[in-house]
1. Rounded to the nearest 0.05, what FRET efficiency do D212 and I58 have when you use their Cβ-Cβ distance and R0 = 30 Å?
2. Using each residue's phi in the stretch 146-156, evaluate 6.51 cos²θ - 1.76 cosθ + 1.60 at θ = phi - 60° and report the 3J(HN,Hα) Karplus result to the nearest Hz, with x for Gly and Pro.
3. Using each residue's phi in the stretch 350-358, evaluate 6.51 cos²θ - 1.76 cosθ + 1.60 at θ = phi - 60° and report the 3J(HN,Hα) Karplus result to the nearest Hz, with x for Gly and Pro.
4. Please pull out the direction-averaged projected area of the stretch 263-314, using the convex hull of its alpha-carbon atoms, in nm² to one decimal place.
5. Using per-residue counts of other Cβ atoms within 10 Å, averaged over each peptide, order 350-360, 253-263, 268-278 from highest down.
Amino acid sequence: MVQDLYILMITAGIVSLLFKLLKQPVVLGYIVAGILVGPHLFGENLVSHENVETWGNIGVLFVLFCIGLEFRLKNLFESGKVALVGAATIIGGMLLLGFGVGLSAELNTMNSLFLAAMLCMSSTTIVMKAVDEAGLSKARFVKGATSILIFEDIVAVVLMVLLSSVAVKNSFEGSVLLEKVGVLAITLVIWFVVGILIIPTLLRKVRKHLNDEILIIISLGLCLGMVLTAEEAGFSSALGAFVMGMILAETKEAHRIEKLMAPLKYVFAAIFFVSVGMMIDPVSLVEYWSSIIYVAVVIIVGMIVFGTLGCWWGGETLHDAMLTGFSFVQIGEFSFIIAALGSKLGVTDPVIYPIIVAASVFTTFLTPYIMKAATPCYNFIYNHASESLRAKIDRREKEVEQAEQTAARDTDSNAPSSADKVRNAVKHTLITKHIVNLFLKNMSENNETEKEK
């Protein structure tokens, strides 16, 4: 196992360094490294696929845990309509488009469902990296884009649970799915409320004793504990890791935990993407090149159209909406995880996996260049728009600027966190209930006393 890890990390390090020098996403380097050490290129296994798969599964948990740590209820609530409408439009539109692509390719319902789920999620990692490298990290559209990505991550985890249920039962029953969604929703609420009530309080009480070593051990312990809880409840381990990340994101130690987790995230994310690359057969890429291009075009066009429309309908300016749509033109982490889930359950056609990964690589490579086209496309649309449409675009710009100014005036740095609000709400509810019970008990005793008299 040590030898496997050595070959894997050295290859991934060298290839990713080369990609960095070429100013390409490091994730692509990891996937290429997986192809190099995989069984398809040289006809033999340089590393044990079983060992790499084990490390990759652990990597998925840590990656999702870290994504959960980046989740902020406050940011999500502030984006509000943009996040909800934007995510719903993108996910709904791409699910329908992906399902249609599957049916047009004569895939069965199960394969089409998994394909649709793979195509409806943009990559949080790649989008944020592309935005940062383009010097747009402080741009106005980033806040809404980040909130949409958070919503997509949540929906992706839910989709994984639902697809697992459908795959195991090998049927698509609406009533069963509704029951599963209901159970999942109730479970998530219970986990999150209980976690918000207990964990931040405990960490606050022992904060002065928490050095970096103890904090990272406790965080990982909580993560793995929630993973086991999710598995015992019949849900995926990924869901447990993501939920615990969300809970810890609402503590005062969130940024510190996120910083401490960064090295582990990088290591295990690299292993996961290398394991993805190991499953790619270069021969199949040549054989199915037309399908790869077709899927990539569907992703790019679909994300631009649905991303722009969703953000515009959600209240953003047309320019910001187009910047968001043009930055979402790829699929990533969750697409790979869902593809691997389908392969593991044996319900998806083997050819889908390499096509999806290749399409992801292709769209990831194009993302920075497509983002640069957003502003010229906006200028073209604005300059050739009708007078009424141009007036509507200008009016939306003024409305957004006024809303920003109002929000800036109303900002209170001492406002309680979302976690504090949840805790206070629950405490208030419990106190109120206790007071009501005491009142009713007192009234009952008084009535009995009056009857005795």
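Just so it is clear, none of the values below were taken in a lab; they were calculated from the coordinates. Computed from a prediction, not measured in an experiment: that's the story for all the values here. Virtual Cβ from ideal backbone geometry, glycine too; neighbours counted across all protein chains shown.
1. Efficiency, rounded to the nearest 0.05: 0.90.
2. 4, 5, 5, 4, 5, 4, 4, 4, 5, 5, 4
3. Residue by residue, the stretch 350-358 yields x, 6, 5, 4, x, 5, 5, 5, 5 Hz.
4. If I average the Cα hull's projected area over directions, I get 5.7 nm².
5. By packing density, highest mean first, the sequence is 268-278, 350-360, 253-263.
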